[in-house]
Amino acid sequence: MIDERGLIATLISVLKDGRTAEERSGAARGLGYATGAEAIVALREALIEGRTAEERTAAAEALGRALANSRS
């Protein structure tokens, strides 16, 4: 069974190295439900460096969600 840290690490890996925009965008959306600096940093990087508008949009929405979750 994968723990939360392992899941976050996997999502970050897919966000950075996923083969398709859909994979990378899905990873960004998943990270939006995570809390912690690691997910926020990865989403911020994806927002700036995303290869497609789809990825950058997903990263922006997920970043907002992650920041809101971290303040709860």
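The values are calculated or read from the model by the stated rules, or taken from the named source; none is laboratory data. What you see is a predicted model; the values in this text were computed from it and never measured. Every residue, glycine among them, receives a Cβ derived from its backbone with ideal geometry; neighbour counts consider all protein chains shown.
State whether one or more residues within region 17-26 are without any contact (Cβ under 8 Å) to a residue 60 or more places away in the chain and closer than 20 Å to residue 3 by Cα.
Scanning region 17-26, I find at least one residue that is without any contact (Cβ under 8 Å) to a residue 60 or more places away in the chain and closer than 20 Å to residue 3 by Cα, so the answer is yes.
Give region 4-38 a look and list any residue that's of a type in the set (Lys, Arg) and not in a helix (DSSP H, G or I), or say none.
Selection gives 19 alone.
Could you say whether any residue in region 45-56 is touching an Asp or Glu at 6+ places or on another chain (Cβ under 8 Å) and charged (D, E, K, R)?
Yes, that holds for at least one residue.
Give me the residue from region 21-63 that is closer than 18 Å to residue 9 by Cα, among the hydroxyl-bearing types (Ser, Thr, Tyr) and surrounded by fewer than 23 Cβ atoms within 10 Å (Cβ to Cβ) and, out of that set, modelled with the lowest pLDDT.
By that ranking, first place goes to 35.
Would you tally the residues in region 45-72 being within 13 Å of residue 30 (Cα to Cα) and of a type in the set (Lys, Arg)?
Of the residues in that region, 1 qualify.
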